[in-house]
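The structure appears right after this line, and notes come after that.
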Amino acid sequence: MRDPAPELSAPLEELDRELAGLLRAELARERATLNLIASENFVPRALLEVQGSVLTNKYADGYPGAREYDGCEVVDEVERLAIARACALFGAEHANVQPYSGASANFAVLRALAAPGDTVLGWDFTHGGHPTHYDRDTLTGVLYRGVTYHVRRDDRLVDLDEVAALARAERPRVIFVGWCLYTRHLDYRAFREIADEVGAVLVADMAHVSGLVAAGMYPSPVGIADVCTFTTHKTVGGGRGGTILCRQELAGRIDAAVYPGSQGGPLPHVIGAHALAFGLARRPAFRERMARTLSGARVLAGVLADHATETRCDVVTGGTETHQVVLDTSPRGVGASTALEDLHAVGVNANALPLAFDPVPGPTGSGLRLGTAALATRGFADAEFAELGEILAGALGPARGARHAELAGRAEALRAGFPLYPGLG
Ligand SMILES: *Cc1c(COP(=O)(O)O)cnc(C)c1O
């Protein structure tokens, strides 16, 4: 019998060999590198299934029980599941799981809580914050008046005295607290006191730490900040997207600011992936993985600190309480992009980023940001992170060229013990 719609059932390999080849190439690349990019992770194979499912076919503008489209009875249940699991995971009263990304979540929160022209106080990007909290290159800086706070020069910790002084002088409508490069706990209550003193709304962006927060291994801003945002694809290890948490009294305003305020139809296949990820994050295996993530970062920081004389890279703040280890490569005098190349040479991926008070100008500066979440997901524990630390120290050390084959071989041996998606591809 004739297949009435052959393109509907043909596998990708038959339908588009060029694209299929690229997907194979990406899988091979992910398998062949050791990923220390602090904002990335590996999703469960089952999550690839959900994101590649028929949920992607559905239009569902609106919210469960109040959609502008017919046929939403199943995606209503999927979204209700994601919302309930997000609330249970973080102890929140309300969750919006529709934001397309962390940036979209932040823009929606501002749309809900501030009027164009209002002042927003955010953490400077080159000091560890995120551009969507204030920067002119983003919608936030176009619509609102961005003012920034910093870390202190002596200990590189967030300068709460400056936050308080700026809050009193600038009277912001919104204060953002949250980072993409930092290695220490935050005192959310101190930010709360400052916000209360000046009548500002406090928004915590826990993009990097949401998985650690879910596991009870980093201070939680939920219930302290008025609103919390996070990305679902960093330490949580879910599909790419954003989520907003708030008290019930703000739910209506937040939901209206996401849809129709700043987005179109939701992505039901991604919301399904969030339901899976939030469900998995409540299981003991997730806590165990977050414990390996944190402990691995401490081990990595320790090994790199021991080798600081040879590598001429300092461990910023001397260690870590998060999944990140930040190296200051400025004593090498050549910028972090050179250090990144040294790591590439042995099959390791990471980020070069500017540091606070960076002597090297430019977008990559002197900071080398390493994160343990992805490799902990792949199965690494303290022993592997210690060996990886030795490999990194060798790759950054003075004899790196001469040791290239040895170091690349050790990196490959590490990878071989932790196959990525066996059976896929
Ligand atoms: C990653 C990150 C974001 C942006 O998330 P996207 O999904 O890339 O838009 C926002 N805030 C912080 C603190 C982040 O680390």
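The values are calculated or read from the model by the stated rules, or taken from the named source; none is laboratory data. Computed from a predicted structure; not experimentally measured. Cβ coordinates were reconstructed from backbone atoms using ideal geometry, including for glycine residues, and neighbour counts include every protein chain displayed. Surface areas here come from the heavy atoms of the whole protein model, side chains and all, with no ligands, DNA or RNA. Shrake-Rupley method; radii C 1.70, N 1.55, O 1.52, S 1.80 Å.
The table for this structure:
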item	result
Accessible-area composition of the chain, carbon plus sulfur, in percent [1.4 Å probe]	53
Region 390-401 - phi-based ³J(HN,Hα) in whole Hz, Karplus 6.51/-1.76/1.60, Gly and Pro as x	5, 5, 5, 4, x, 5, 9, x, x, 9, 4, x
More than 34 angstrom apart: percent of Cα pairs within the chain	34
Long-range HN-HN contacts of Thr322 with modeled amide H, under 5 Å	none
Residue of Ser53, Ser220, Ser104 that the Gaussian network model of the chain assigns the largest fluctuation, springs spanning Cα pairs under 10 Å	Ser53
Highest-fluctuation residue, Pro260, Pro99, Pro221 considered, GNM on the chain with Cα pairs under 10 Å	Pro260
Accessible area expressed per residue, the chain, with surrounding protein chains retained (probe 1.4 Å, Å²)	42
Structure-based [θ]222 nm, the chain - -39500 (n - 2.57) summed over DSSP H runs of at least 4, per residue, nearest 500	-12500 deg cm²/dmol
Chymotrypsin sites (Phe, Trp or Tyr not before Pro) within region 327-415: DSSP coil, no more than 16 neighbouring Cβ in 10 Å	Phe357
Region 58-216: translational diffusion in µm²/s, Stokes-Einstein, Kirkwood Rh over Cα pairs, 20 °C, 1.002 mPa s	125
Cα centroid separation, region 259-331 to region 19-71 (Å)	20
Inter-label distance, nm, simple model (7 Å from Cα along the C-beta direction), Arg80/Glu390	5.5
Potential extension, Ala291-Leu12 segment - 0.36 nm per residue separation minus Cα distance	96.6 nm
For region 81-87, 3J(HN,Hα) per residue [Karplus equation, 6.51 cos²θ - 1.76 cosθ + 1.60, θ = phi - 60°, Hz, x = Gly/Pro]	5, 4, 5, 4, 5, 5, 5
Stretch in the chain that is longest and holds no GluC sites (Glu not before Pro) that DSSP places in a loop and that have at most 16 other beta carbons within 10 Å	94-425
Inter-label distance for Ala256 and Arg171, nm, one decimal - labels placed 7 Å from Cα along Cα-to-Cβ	2.5
Karplus-derived 3J(HN,Hα), 6.51/-1.76/1.60, for each residue of region 331-346, Hz, glycine and proline x	x, 6, x, 10, x, 6, 5, 5, 4, 4, 5, 4, 6, 3, 4, 10
